[in-house]
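Here is the structure we will look at, set down as C-alpha cells.
Just so it is clear, none of the values below were taken in a lab; they were calculated from the coordinates. Note that the structure is predicted; figures quoted are calculated from it, not measured. Neighbour counts are summed over all protein chains in view; Cβ atoms, including those assigned to glycine, are modelled from backbone coordinates with ideal geometry.
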C-alpha cells in the first residue's frame, strides 16, 4: 500500500488563496469596472455635485472662491462640457431609463446644435463645496488627464470614475493586507454593494471608506503588538478626518495599544487630524450650501446654521433625541441602504439578497482575537465607543445643518454613511468565543463579495437598461 502524497499548490495559486488583499483587489476591479461603464453618467448619489467639486479642484478652485450674484459657490465649465453635463443631469431628473450611450448622443447633438454660446458656464456646487481635495484626489488626476487629452464629458467622467476605483481599491487592499485577524471581515465589508458602488462612481464615499479602513487597520495592528510609526498612523487619521467630518472621530482609536502615560505619542497621532479638520472648516467657513434646504422648506436660511440650531436646542433639549429616535424607526430602510440601494436611491437589489449578504458578512465578522481576555475587552471597548461616537456624530451633524426645528426626524441620514464603522462593529463581535473557523469565514466573505458584485450589476442592468424587459 503506497503512502498518499500531498501535491503542493502552485506558487501563484498559493499566494492568491493565502492573501485576501489580492482576492479583494481582483473582485473590486472586476465588478467595479463593470459598474463604472454600466452606470449612466451622474446616476450616482449626488454625483453631479461631486463631479463639479472634483473638476473644480482640477481647475485650482481649492477654497471655492467663485460665486454667483447670490453668493452661491460654483465652478466654470467649458461650454461644450456643460451642455453634455446638463443633458445628463436633465435626463436623470426626468427619470428616463435609457441606456447612457443614447443620452451621450443626445448630449452631443445639443452641443453640435448651438451656434453662439459663452466659452464657459457657471454651475453651482450645490452641497459639495465643503469637501476637501482628499475626497477626490484620484478623480482630480483623472480630470487633469482628460483635459490634456481633450476628452468630452462622458469620457472625462468615466476616466475620473476609473481613477477613483483603482486608487481606493489599492488603499483598501493595503488595509486588508496589514490588519491582523480581520482580513476576511474587511474584505466582506468593503465589497458590500453600497461600498463597491461608492468607489465606482464619483463620490466622497470611496475615499471615506478607504481612509477609514486604513486608519482602523493600523490602529488594530498597533493594538495587537505590530510596529507602526506614529507619523504613519497620524497621516491616515488625518486623511480620514479630511474626507468627511464624522471620520474625525476615528482619533478615538489612538489609545489602542498604548498606555495613557504615552500621551505624547497619542497626541502626535491625534493632533494633526484635529488641526487639519479645524483648519479646513475655517478656510471654507464650513459651507454646506444650507440655502438648498432653505429653498426646499421655504424657511430662512439662518434657521439652518449650527448656532441657530444650538440656540433652539437650548430651549428644547429633548428635540434632538426625539428626532434621532424618530429616524431609527426607519432602521429597516437604513439597513437596506447600508447594504446597497444604488443610483439615485432607485436602484435596489433583489429582495432576497439583502438578508443573505447580511448573514454572510456577519459570519465573516465572527473573528476571535488571539489575545488575552483583558486585551480583547480593551480593544472591543475602544472600538465600540468609537463606533457609537461616529454614529452619534452623523446624527448631530445632520441635525445641526439639515433638519428643520420642528422636524420629527433627523433629515438627510442615509445608511451608506455608516459603512466606515462596520469594521469597528466587527471588532466588537470579536468578543465572542464561538464562531466559524478560518476556512468558513473565508468562504462566507467570498460568498458575500461575489454575491454583492453580481447583485449590483444585476440591479443596474434591470433599472437603467431595462435588461430583463
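Which shape class applies to the stretch 149-198: rounded if a/c is under 1.5, otherwise prolate when a/b exceeds b/c and oblate if not, where a ≥ b ≥ c are the square roots of the Cα gyration tensor eigenvalues? It is oblate, given that a/c is not under 1.5 and a/b is not larger than b/c.
So for the stretch 239-282, what are the equivalent ellipsoid semi-axes in whole Å, largest first, each being the square root of 5 times an eigenvalue of the Cα gyration tensor? Before the final figure, lay out the partial values.
Working: eigenvalues 89, 24, 7 Å².
One finds semi-axes of 21, 11, 6 Å for the stretch 239-282.
Taking 7 Å steps out from each Cα toward its Cβ at residue 26 and residue 148 produces label points 3.2 nm apart. Computed over the stretch 294-408, relative contact order equals 48 percent, with contacts defined as Cα pairs under 8 Å that lie 6+ residues apart.
In deg cm²/dmol, rounded to 500, what helix-only [θ] at 222 nm does the chain give when every DSSP H run of at least 4 residues adds -39500 (n - 2.57) and the total is split over its residues? Could you put the intermediate results ahead of the total?
Numbers: 20 runs with 290 residues, N = 469.
Rounded to the nearest 500, it is -20000 deg cm²/dmol.
Please give the peptides 261-269, 416-424 ranked by average Cβ packing (other Cβ atoms within 10 Å per residue), highest first, as a rough proxy for protection.
Answer by packing, highest mean first, reads 416-424, 261-269.
Using a 10 Å cut-off on Cβ atoms, rank the peptides 143-156, 166-179 from the highest mean neighbour count down.
On the way: 143-156: 16.7, 166-179: 21.4.
Per-residue mean Cβ counts within 10 Å order the peptides as 166-179, 143-156.
For the stretch 211-269, just say rounded, prolate or oblate: build the C-alpha gyration tensor, square-root its eigenvalues into a ≥ b ≥ c, call rounded for a/c under 1.5, and beyond that prolate if a/b exceeds b/c, oblate if not. Please list the in-between numbers first.
Values: a/c = 1.90, a/b = 1.49, b/c = 1.28.
Note, shape of the stretch 211-269 comes out prolate.
Mean separation of Cα pairs under 8 Å and 6 or more residues apart, divided by the residue count, gives the chain a relative contact order of 20 percent.
Please find the FRET efficiency linking residue 227 to residue 37, where r is the Cβ-Cβ separation and R0 is fixed at 41 Å, and quote it to the nearest 0.05. Write down the numbers at each step before the final one.
Details: r = 42 Å, r/R0 = 1.02.
So the FRET efficiency works out to roughly 0.45.
Specify whether the C-alpha gyration tensor of the stretch 365-437 places it in the rounded, prolate or oblate class, a ≥ b ≥ c being the square roots of the eigenvalues: rounded for a/c under 1.5, otherwise prolate if a/b is larger than b/c and oblate if not. It is prolate, given that a/c is not under 1.5 and a/b is the larger ratio.
Spin-label model, residue 271 to residue 19: label points 7 Å out along the Cα-to-beta-carbon direction sit 3.7 nm apart.
Along the Cα-to-C-beta direction of residue 450, a point sits 7 Å from the Cα; which residues of the stretch 350-380 have their amide N less than 15 Å from that point? Residues 357, 360-361 fall inside that zone.
Hey, what did the stretch 215-325 get for relative contact order, percent, Cα under 8 Å, at least 6 apart?
Working: 93 pairs, mean separation 24.3, N = 111.
For the stretch 215-325, the relative contact order is 22 percent.
Taking label positions 7 Å along the Cα-Cβ direction at both residue 263 and residue 358, the computed distance is 4.4 nm, reported to one decimal. For residue 407 and residue 285, the FRET efficiency from 1/(1 + (r/R0)^6), where r spans their Cβ atoms and R0 equals 25 Å, is about 0.50.
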